[in-house]
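Heads up, the thing below is written out as structure tokens.
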Amino acid sequence: MFSYTSGMASPTELLPQKERERRLEEAGHNVFNLASEDVFVDLLTDSGTGTMSDAQWAALMEADEAYAGSESFKALKSAISEVMGFDRVVPTHQGRGAENVLYGCLIEDGDVVPNNTHFDTTRAHVAENGGDPVDFPVEGADDPDSEEAFRGNLDSKKVRELAADVGAERIPAVILTITNNSVAGQPVSMGNIEETRELADELDATFVIDACRFAENAFFVREREDGYADRSTAEIAREQLSHADAIVMSGKKDGLVNAGGFVGVRDPELFERTKQRAILYEGFSTYGGMAGRDMAAMAVGLREAVTEEYLGARIGQVRSLGERLRQEGVPIYTPVGGHAVYVEAGRALSHIPDEEFPGQALVCELYREGAVRGVELGSFAFPDTDRPELVRLALPRRTYHDEHLAHVAETAAAVVDRSEEVRGLEIVSEPENEALRHFSAELRPV
Ligand code: F0G
């Protein structure tokens with residue numbers, strides 16, 4: 001068991017209904033525009049919003065700060081080597097910084113980059129560097145009722161077809177995102193990781209793992225894949241990454257910290273290039289935008305993240321939220337993945353057509369009903385794709401209690417009970433870059 005005793009508590013207040021309605025109106029029906037103090041249970045993201053352990057706080061207090069060669073960097077480097085098996089490490093300010101550094105070194109104009117599914121910042125960085133990001137999730141990935149154990153997997157057959165079509169020389173890298181955030185946080189099997197290794201060798205491409213949630217993925221491999229039940233999650237976590245040529249990491253997820261990230265590579269020449277690019281965009285190659293104390297806390301967090309005690313509590317809590325929602329009759333993507341429960345807004349609000357953003361309507365109702373903040377990951381966030389209309393309820397790590405989960409389930413149930421009353425939305429104003437519209441567009445009820 002993990003007891004969440006950081007020795008601190010902060011009061012939270014549930015605003016009265018009238019007040020919530022006013023704030024939602026002022027926010028232009030976009031919950032990114034709400035102040036966090038207006039939110040009662042904040043499930044917007046699991047990124048950088050978790051609670052650090054006493055051991056992490058102790059490391060943070062003792063950490064040294066130096067521009068070059070700090071003890072804190074040494075501690076981080078040794079934790080990454082031990083937990084993830086990479087000795088060549090370039091620190092960055094967060095995951096997307098790592099993406100910029102690595103993909104800027106690997107990708108050129110005209111390249112095509114396959115991924116099980118690109119997360120939005122990954123897609124943007126691949127495109128920014130002239131590449132065409134292509135998603136190849138396995139068949140059934142968007143079936144919310146499939147019992148398939150590893151729906152996060154990459155469809156390697158489709159990648160081979162792509163290579164035959166465009167030529168392997170145009171594919172500089174193959175990326176696997178574990179777990180697959182854009183496919184409801186579903187895990188990737190060790191078998192699929194091994195297959196991707198072979199595929200990358202065949203194509204002479206760099207095999208990159210986006211390792212943000214590598215520890216959570218290891219939990220599922222241990223639980224579901226033949227031959228892993230007797231292995232520790234720490235061993236499995238390391239084995240997964242042993243197949244990769246490079247990793248990009250957001251420490252804000254399975255690093256159990258509030259800021260930070262890094263790139264890990266094996267090839268010495270690529271290491272030199274990533275270091276040079278990092279100096280330009282992130283900071284000198286022994287801090288990369290992090291304070292020494294951030295690195296010291298992440299060194300401890302990485303070791304905690306791969307333990308069975310932590311992972312059992314973590315995934316157990318996400319499942320418990322899923323189970324509560326299911327019992328209340330709220331349609332969700334099952335089995336539940338690693339970091340979040342994904343609600344099927346298309347089913348919950350089936351009378352709202354996709355053009356009127358059923359997911360965003362549900363997000364607004366969850367706030368109006370119970371000051372719960374989730375995020376839409378459907379036609380509002382991803383224009384011009386045919387993704388299912390999902391709302392993600394992501395759980396911050398080591399932060400909420402059972403009572404919070406009960407509140408979320410009751411809130412969602414109340415919305416589903418009066419679903420007929422819920423109206424769709426239309427966009428009133430949006431930024432020039434449509435791909436980023438869900439962060440700042442404003443909407444109104446139709
Ligand atoms: N890769 C994946 C799979 C992610 O989920 C994220 C972030 C990143 C890269 C970028 O990392 O935020 O540290 O720059 N995901 C967050 C989310 C933002 O809410 O899912 P970052």
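Every residue, every condition in (1) of a type in the set (Gly, Ala, Ser); (2) crowded, with 17+ Cβ neighbours inside 10 Å; (3) in the same structural domain as Gly95 (by TED's automatic domain parsing), yes or no:
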| residue | (1), (2), (3) |
| --- | --- |
| Val113 | no, yes, yes |
| Arg123 | no, yes, yes |
| Gly130 | yes, no, yes |
| Gln186 | no, yes, yes |
| Ala205 | yes, yes, yes |
| Val208 | no, yes, yes |
| Asn217 | no, yes, yes |
| Glu223 | no, no, yes |
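For the residues Val428, Val391, the requirement of being in a strand (DSSP E or B), in the same structural domain as Ala348 (by TED's automatic domain parsing) and over 26 Å from the mean Cα position of the chain (by Cα) singles out Val428. In segment 319-332, the condition of being β-branched (Val, Ile, Thr), touching a residue at least 24 places away in the same chain (Cβ under 8 Å) and farther than 26 Å from Ile80 by Cα is met by at least one residue. Residues of segment 340-362 that are out of contact with any helix residue (DSSP H, G or I) (no Cβ under 6 Å at 6 or more places or on another chain) and surrounded by 24 or more Cβ atoms within 10 Å (Cβ to Cβ): Ala340, Tyr342, Val343, Glu344, Phe357, Gln360, Ala361. Scanning segment 287-315 for residues that are part of a helix (DSSP H, G or I) and among the aromatic types (Phe, Trp, Tyr) yields one hit, Tyr310. Determine whether segment 23-40 contains at least one residue that is assigned to a strand (DSSP E or B) and either within 16 Å of the ligand (Cβ to nearest atom) or buried (at least 16 other Cβ atoms within 10 Å of the Cβ) (or both). No: segment 23-40 contains no residue that is assigned to a strand (DSSP E or B) and either within 16 Å of the ligand (Cβ to nearest atom) or buried (at least 16 other Cβ atoms within 10 Å of the Cβ) (or both). How many residues does segment 167-220 hold that are within 15 Å of the ligand (Cβ to nearest atom), under 15 Å from Ala237 (Cβ atoms) and not small (Gly, Ala, Ser)? Within segment 167-220, residues that are within 15 Å of the ligand (Cβ to nearest atom), under 15 Å from Ala237 (Cβ atoms) and not small (Gly, Ala, Ser) number 12.
Could you please find all residues in segment 132-164 being under 26 Å from Val101 (Cα atoms) and either surrounded by 21 or more Cβ atoms within 10 Å (Cβ to Cβ) or touching a strand residue (DSSP E or B) at 6+ places or on another chain (Cβ under 8 Å) (or both)? Those that are under 26 Å from Val101 (Cα atoms) and either surrounded by 21 or more Cβ atoms within 10 Å (Cβ to Cβ) or touching a strand residue (DSSP E or B) at 6+ places or on another chain (Cβ under 8 Å) (or both): Asp132, Pro133, Val134, Asp135, Phe136, Pro137, Gly152, Asn153, Leu154, Val159, Leu162.
In the set Ala124, Ala79, Ala164, which member is in contact with an Asp or Glu (Cβ under 9 Å, 6 or more places away or on another chain) and aliphatic (A, V, I, L, M)? Please lay out each step first, then the result.
Numbers: Ala79 fails: in contact with an Asp or Glu (Cβ under 9 Å, 6 or more places away or on another chain); Ala164 fails: in contact with an Asp or Glu (Cβ under 9 Å, 6 or more places away or on another chain).
It is Ala124.
Within segment 165-182, the set of residues being touching a strand residue (DSSP E or B) at 6+ places or on another chain (Cβ under 8 Å) and part of a loop (DSSP other than H, G, I, E, B) comprises Ile171, Pro172, Ile178, Thr179, Ser182. If the condition is being aromatic (Phe, Trp, Tyr) and either at pLDDT below 95 or outside any helix (DSSP H, G or I) (or both), then segment 88-123 contributes only Phe119.
Out of all the residues in segment 1-19, is one or more touching a residue at least 40 places away in the same chain (Cβ under 8 Å), among the β-branched types (Val, Ile, Thr) and within 16 Å of the ligand (Cβ to nearest atom)? Write out each step before concluding.
From segment 1-19, those touching a residue at least 40 places away in the same chain (Cβ under 8 Å) are 1-2, 4-7, 14-15, 17; that's our starting set.
Subsequent filtering for residues that are among the β-branched types (Val, Ile, Thr) retains 5.
The next check asks that each one be within 16 Å of the ligand (Cβ to nearest atom); those that pass are none.
Within segment 1-19, not a single residue is touching a residue at least 40 places away in the same chain (Cβ under 8 Å), among the β-branched types (Val, Ile, Thr) and within 16 Å of the ligand (Cβ to nearest atom).
The values are calculated or read from the model by the stated rules, or taken from the named source; none is laboratory data. Predicted model only: the values in this text are computed from it and were never measured. When we count neighbours, we look across all protein chains shown, and the Cβ atoms used for this are built from the backbone with ideal geometry, even at glycine.
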